[in-house]
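I have placed the structure first, in the form of structure tokens, so that the comments after it can refer back to it.
The values are calculated or read from the model by the stated rules, or taken from the named source; none is laboratory data. No experiment lies behind these values; they were computed from the predicted model shown. When we count neighbours, we look across all protein chains shown, and the Cβ atoms used for this are built from the backbone with ideal geometry, even at glycine. For the accessible areas, the whole protein counts, side chains as well, though only heavy atoms, and no ligand, DNA or RNA atoms are used. Shrake-Rupley method; radii C 1.70, N 1.55, O 1.52, S 1.80 Å.
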Amino acid sequence: MVIWGLAMIHSNHLSAGLSVSAYPGDGTVLLAFDLDPSLTLDFAGFAIQRTPPNGTPFYLSNRLSFETPITATTTPQQRVFTPSNQAPFQKFRWVDAPATIVPGSYHYQVTAMYFQAGGELKAGATAAVSVNLLPQQNEKFTFGFTRGDLSSQAYAAKFKNAPFRPAQKSIDYDTAPYKQQYDWLGYHARTLVFSFLEECLADPEVTVDLFAYDLDEPDVIRSLEKLGNRLRAVLDDAPLHTGATAMEPLAKAKLIASAGSANIKTGHFHRFAHCKVLIQKKNGKPIRVLTGSANFSVRGLYVQANNVLVFEDAPTADLYEQAFNQAFTDMAGFAKSAIAAQWFDLKGKGIPPYSVCFSPHTSADTSLKKVASAIEQAKGSVLYAIMELAGSGMVLDDLKALGSNPNIFSYGVTQTAKGLNLYKPDATNGLLVSFSYLKSKVPPPFDQEWEGGMGQVIHHKFIVVDFNGENPVVFTGSSNLAAGGEQDNGDNLLAIYDPAIVTAYAVEAIRLIDHFHFRVAMSTATTVTPLVLQGNDAVQKWWQPYYDPKNIKCAERSLFAKG
């Protein structure tokens, strides 16, 4: 079993008035800085130097510079990336996501840079921190994210924006030519899915139960076929999965041919059979389960931002097996069954303390009241990445209202049919970047991946509450966290209380928010007000809001830099 994760939540180093905190994620790290206000005269920003394990130190590059303005008309080919000792980051945090991750300790040196006469920059206080981006996780629990980075400088550099599948959609194509892309795009989530399937295939005494919503990834389907009659499945048959262009009927036919019609059931509860779950059983006893937001599809693993979780824990697997058996034998009675009636609390050696809840329920309060209560009782921060906020219910209402709460730092990213919404602490209505804008900035064939609807890119469903507070929790799973879905869809929702895991989800939220926030800013930039680094002649200094107790940026600096 491949294990990834976190050995520490964060670390902090203070040197000559400058501190840096490092919050490790899943192959990423959130670096947060604090600078004594007495050191802000002529302050230009922060330079970040990364030294990979057994590697050569180099400065991270900034998309902004002092000389080259960026506007809404700037093309990817016109962008200039400048080392941060020449174009320092003018913000008090930065998420670093190396394109290639190797085991070992990554060393970061952060330097406060200052303007001097003649236009040159000089280095001031320096602080350093080291962090392992691939440390070991809980013994019997692991999780991983996809990259969600088709439209990124990293993908362009590594793969020259090569197509990620044949033009003609199919469930039978040869995936070998795309192997390197799939490994990179699917990242740890893909590793977990295929490691799970390979271990099931290797043991003839293992049987597998499957919940699948979207199902078109060729290698996943081939693995499921190889299981033969060791596989049982509940497949979604909502209209989007039965139409003339849907791939799921083809996948269903293959699984019926290999497993037998008695082992393959279809249904959609009231709306969708929305779980994405694999249950491993040994001699009929459930022992492991894989779940999360990622569908077993090309989009789910290689286009969308998603997460996967694996519990190597019999009590956990048994709960999921109860949900599967209820759906397999009596889907119509699921909402009134015992497995749908409550949250189940679990803890044990090697797994984080957590709770799990299965839907649909007779009342959405069964699952959502716990989530809403955590949001309402937040002490410092709420961060989230959710597919959409268009639904109804107490959780989505609470998220929409967070921007008006001056005591909570809230940041979120969601997606609608019209575009991507970024919810900043002081913007209750969100900042929308339309798909039409994104489409014009993404090279073919990826321009087709930003059209909304079936082109969902933010597919996560997680909320992080007080990630570096006393009672951190992340809610995640397959649920869209809307009241209608909790009453109409087959889903699972988890609450995980491990600080390191919660922190990793917080870093993922910030990573996505920062990635798309730049696009929002770029979409409104003009030749009169371009995106460009601020010089020393600015009347209102870029750093001043970070020290103004009445400005949300001050709360941001304090929250992330406290370490």
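Mind jotting down the distance between the C-alpha centroids of the stretch 260-307 and the stretch 343-422, whole Å?
22
For the chain, what does the accessible surface come to per residue with a 1.4 Å probe? Please give it in Å².
With the other protein chains kept in place, the chain gives 38 Å² per residue.
Residues with amide H under 5 Å of SER392's amide H, sequence separation 5 or more or different chain, H placed in the peptide plane at 1.01 Å from N; which?
Hits under the 5 Å cutoff: ALA483, GLY484.
Multiply the residue gap between SER38 and SER130 by 0.36 nm, knock off their C-alpha separation, and tell me the result in nm, one decimal place. Could the numbers behind the result be given before it?
On the way: separation 92, 0.36 × 92 = 33.12 nm, distance 2.65 nm.
Length difference between fully extended and current span is 30.5 nm.
Of TYR546, ALA154, VAL528, whose Cα points farthest to the positive end of the dipole of the chain (charges on the beta-carbon: +1 Lys, Arg; -1 Asp, Glu; origin at the Cα centre)?
Farthest towards the positive end: VAL528.
Can you give me the % of accessible surface on the stretch 78-148 that is carbon or sulfur? Probe 1.4 Å, all protein chains present, nothing else counted.
Values: 1280 of 2720 Å².
Ligands and nucleic acids excluded, carbon and sulfur reach 47 percent.
Efficiency by 1/(1 + (r/R0)^6): what FRET value for ASP548 and SER404, r their Cβ-Cβ distance, R0 = 25 Å, to the nearest 0.05?
Computed FRET efficiency for ASP548 and SER404: 0.85.
Counting pairs of alpha carbon atoms under 8 Å apart in space and at least six apart in sequence, what relative contact order in percent does the chain give? Don't jump to the answer; show the numbers that get you there.
Numbers: 1295 pairs, mean separation 92.9, N = 563.
It rounds to 17 percent for the chain.
Arrange the peptides 375-381, 537-543, 157-163 so that the one whose residues have, on average, the most other Cβ atoms within 10 Å appears first. Please list the in-between numbers first.
Working: 375-381: 17.6, 537-543: 11.1, 157-163: 13.6.
My ranking of the peptides, most packed first, is 375-381, 157-163, 537-543.
When the Kirkwood hydrodynamic radius is evaluated over all pairs of different C-alpha atoms of the chain, what value in angstrom, to one decimal, is obtained? Before the final figure, lay out each step's value.
Values: mean 1/r = 0.0410 Å⁻¹.
Across the chain, the inverse of the average 1/r is 24.4 Å.
List, in order, the whole-Hz ³J(HN,Hα) value for each residue of the stretch 337-350 obtained from phi through the Karplus relation with A = 6.51, B = -1.76, C = 1.60 and θ = phi - 60°; use x for Gly and Pro.
Result, rounded to whole Hz: 7, 5, 5, 9, 8, 6, 7, 10, 9, 9, 7, x, 5, x.
Quickly rank 353-359, 112-118 as a protection proxy: mean count of other C-beta atoms within 10 Å, highest first. Before the final figure, lay out the partial values.
Numbers: 353-359: 22.9, 112-118: 15.6.
Going by the mean number of other Cβ atoms within 10 Å, highest first, we get 353-359, 112-118.
Using the structure shown, list the pairs from LYS140/LYS254; LYS265/LYS370; LYS285/LYS347 with a Cα-Cα distance above 21 Å, or answer none. Spell out each step's value before the answer.
Numbers: LYS140/LYS254 33 Å; LYS265/LYS370 32 Å; LYS285/LYS347 19 Å.
Correct reply: LYS140/LYS254; LYS265/LYS370.
Cβ neighbours within 10 Å, averaged per peptide: list 408-415, 362-369 in order, most packed at the top. Kindly include the intermediate steps, with their values, before the conclusion.
Details: 408-415: 23.8, 362-369: 19.2.
Ranked from most to least packed, the peptides come out as 408-415, 362-369.
Which of the aspartates and glutamates could be linked to LYS122 by a straight reach, that is with a Cα gap under 14 Å, when you skip same-chain ones fewer than 8 residues away?
Within the straight-line cut-off, LYS122 pairs with ASP42.
Give, in nm to one decimal, the length gained when the segment between ASP172 and ARG222 is fully stretched (0.36 nm per residue of separation minus the Cα-Cα distance).
Values: separation 50, 0.36 × 50 = 18.00 nm, distance 0.88 nm.
Full extension from ASP172 to ARG222 adds 17.1 nm.
Taking the inverse of the average 1/r across all pairs of different Cα atoms in the stretch 240-348, what Kirkwood radius in Å do you get?
Working: mean 1/r = 0.0637 Å⁻¹.
For the stretch 240-348, the Kirkwood estimate is 15.7 Å.
Length gain on complete extension for the stretch VAL532 to ALA338, per 0.36 nm per residue less the alpha carbon to alpha carbon distance?
Numbers: separation 194, 0.36 × 194 = 69.84 nm, distance 5.81 nm.
Residue separation times 0.36 nm, minus the Cα-Cα distance, leaves 64.0 nm.
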